[in-house]
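What follows is a set of notes on a single structure, which appears directly below.
The values are calculated or read from the model by the stated rules, or taken from the named source; none is laboratory data. Note that the structure is predicted; figures quoted are calculated from it, not measured. When we count neighbours, we look across all protein chains shown, and the Cβ atoms used for this are built from the backbone with ideal geometry, even at glycine.
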Amino acid sequence: MTIDLLRLMRAVHLDTRPQDGEVWAVTGPESFHLVSVDDSGLLCDCEDFAFCGGPCKHILRVGLANGDCDTIKALRQLLPNPTRRAVRRQTSRSHPESPNSVGTDRDSRKAGTHVGAGATNAEHQGAA
Ligand SMILES: [Zn+2]
């Protein structure tokens, strides 16, 4: 089965719901199609399947929902493989932004301002 990656990209954004028997309803923002099984494999009632005969986005969506190995392998070609370096960069970047460290920084700065203001007041009173 040859999987068209453009159709697969569209398939990811469709919803699928199992119906009675081996039939799935595949819905998009403006479409509703039924995918069913027969001896030759999955069939769809859409025009794309009727003209091309290959797996349309609705059939690919059912493949994703059912954990079809070929469809999931094809999906790998669309997604970047996260490397260890990318994961490490992400964690080190998110660490200083954690709410705990930001709160500590602000508190120490605030405390410093208070001490400074107090010292200026004391000096002022001493002069007067
Ligand atoms: Zn279809």
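In summary, helices (runs of 4 or more DSSP H) completely within segment 41-86 and bearing 1 or more residues that are out of contact with any Ser or Thr (no Cβ under 9 Å at 6 or more places or on another chain) and farther than 18 Å from T16 by Cα occur at 47-52, 69-76.
Taking the criterion of being surrounded by 10 or more Cβ atoms within 10 Å (Cβ to Cβ) and at pLDDT below 90, the residues of segment 54-86 that qualify are G54, A86. Look at D39 and say whether it is among the charged types (D, E, K, R) and closer than 15 Å to G63 by Cβ. No. Here E47 passes the criteria (1) more than 9 Å from the ligand (Cβ to nearest atom); (2) at pLDDT 95 or above except the one numbered (1). Residues that are surrounded by 11 or more Cβ atoms within 10 Å (Cβ to Cβ), closer than 30 Å to L14 by Cβ and at pLDDT below 95 are absent from segment 92-104 altogether. Is at least one residue of segment 9-30 within 14 Å of the ligand (Cβ to nearest atom), under 12 Å from V62 (Cβ atoms) and outside any strand (DSSP E or B)? Yes: segment 9-30 contains one or more residues that are within 14 Å of the ligand (Cβ to nearest atom), under 12 Å from V62 (Cβ atoms) and outside any strand (DSSP E or B). Contact map, segment 58-82: first residue closer than 18 Å to S31 by Cα, second residue of a type in the set (G, A, S) and at pLDDT 90 or above, Cβ cut-off under 7 Å, separation 6 or more or different chains; pairs are L60/A11; R61/A11. If the condition is being within 13 Å of the ligand (Cβ to nearest atom) and free of Cβ contacts under 8 Å to residues at least 24 places away in the same chain, then segment 31-40 contributes S31, F32, L34, S36.
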